[in-house]
Amino acid sequence: MDAPAPYFHWGFIQISLPNLVVIGVMLLLFALALVLPFPGHADANDPDGDPR
Amino acid sequence: MTASDPPELSGGDSAPSAGAAVTKRRNGGLTGAAAGWLERRLPISKLLPTRQPYYIGSWVYVFGVVTIAALAWVVASGVVLTFVGPQWWHVSSVGRFINSLHFWSVQLFFIFMVLHLWGQYWGAGWRDGRAPTWMVGVVIFLISVVTAFTGYISQQNLDAQWIAVNAKDAINSVGVGAFFNPLNFGQMYGLHVMLLPIAITLLVVLHVVQVRLRGVVAPLGATDPDLGDGLRGATRS
């Protein structure tokens with residue numbers, strides 16, 4: 001715990017592994033939010049859909 | 001009270017109606033004007049809607065409310081920390097737990113605020129008169145950064161001292177060190193536990209009211225037939 005985190009260097013970019021992991025998780029969450037179906041969501045193009 | 005007074009002011013209207021009530025508000029000075037404006041702009045059906053447009057049925061629209069949930073945890077744990085003090089939050093097991101709760105709820109607050117920002121940016125959430133809503137969101141983000149910074153300085157440990165001593169040069173370099181001094185613990189702590197959280201909370205309330213006023217922006221590229229009456233196949237809010 002007291003050891004410094006590993007750092008990555010790409011050109012002028014320098015970032016720690018924990019920060020890189022957080023950014024990766026955020027990108028994953030955003031992508032999942034775009035593609036995963038929302039529960040209880042009626043199909044907007046279905047006129048017979050349940051307008052809850 | 002004279003005979004020339006209008007009935008709504010003289011109390012002579014024995015059968016009050018909605019119209020009479022509105023007339024009374026119209027004549028009620030600044031309070032009446034404010035009440036009338038609120039009734040027109042933000043009726044209760046807009047403030048607490050039971051139905052939302054169908055396009056809200058997406059996880060992207062959850063990020064904003066999760067940010068508010070995280071903020072509630074931040075404020076609640078922060079109130080406890082403020083009452084009990086650093087000797088408690090650094091030493092006792094419960095204190096360290098509440099301290100960690102405060103820290104990690106802040107992390108979630110920022111993570112979901114940025115995800116909310118991404119969703120609104122790529123969906124151009126400022127369209128159709130919603131620019132003020134976007135601007136208030138930007139201000140909330142910026143104040144949150146300052147609040148987090150003052151929080152790191154308020155920890156009362158070596159980490160806080162290290163950050164404060166390094167930050168003072170950065171703050172001085174932009175010319176605001178005279179009235180924002182990271183080495184002034186009283187100023188940093190006061191800003192962190194009072195002024196900045198109140199500002200964030202009030203602006204978040206304003207942000208939500210702004211969303212209620214205009215409704216959630218339609219998806220990019222949506223056409224009128226796509227939208228219908230906006231409630232076709234609607235999902236509950």
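The values are calculated or read from the model by the stated rules, or taken from the named source; none is laboratory data. Predicted, not measured: the structure shown is a model, and the values here were computed from it. Cβ coordinates were reconstructed from backbone atoms using ideal geometry, including for glycine residues, and neighbour counts include every protein chain displayed.
Here are the numbers for the structure shown:
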quantity	calculated
Count of the stretch B:85-134 residues which are more than 12 Å from chain A (Cβ to nearest Cβ), surrounded by 15 or more Cβ atoms within 10 Å (Cβ to Cβ), aliphatic (A, V, I, L, M) and under 18 Å from the mean Cα position of the chain (by Cα)	1
Of the criteria (1) closer than 18 Å to residue B:193 by Cα; (2) modelled with pLDDT under 90; (3) among the hydroxyl-bearing types (Ser, Thr, Tyr), which one residue B:77 fails	(2)
Counted residues, the stretch B:28-84 - those being more than 14 Å from chain A (Cβ to nearest Cβ) and under 30 Å from residue B:186 (Cα atoms)	16
Residue B:61 being touching a strand residue (DSSP E or B) at 6+ places or on another chain (Cβ under 8 Å), over 17 Å from residue B:150 (Cα atoms) and hydroxyl-bearing (Ser, Thr, Tyr)	no
Residue B:7 vs. criteria modelled with pLDDT under 95 and over 30 Å from residue B:118 (Cβ atoms)	yes
Selection count, the stretch B:121-151, where residues are part of a helix (DSSP H, G or I) and farther than 29 Å from residue B:194 by Cα	2
Hits in the stretch B:34-83 - residues which are surrounded by fewer than 16 Cβ atoms within 10 Å (Cβ to Cβ), free of Cβ contacts under 8 Å to residues at least 12 places away in the same chain and among the β-branched types (Val, Ile, Thr)	B:44, B:65, B:79
Qualifying position, being of a type outside the set (Lys, Arg) and in contact with a Pro (Cβ under 9 Å, 6 or more places away or on another chain), among B:84, B:75	B:75
Some residue of the stretch B:160-173 being surrounded by fewer than 15 Cβ atoms within 10 Å (Cβ to Cβ), among the β-branched types (Val, Ile, Thr) and over 17 Å from the mean Cα position of the chain (by Cα)	yes
Cβ-Cβ under 6 Å pairs, at least 6 apart or on other chains, the stretch A:18-44 side more than 8 Å from chain B (Cβ to nearest Cβ), far side modelled with pLDDT of 90 or more	A:18/A:5
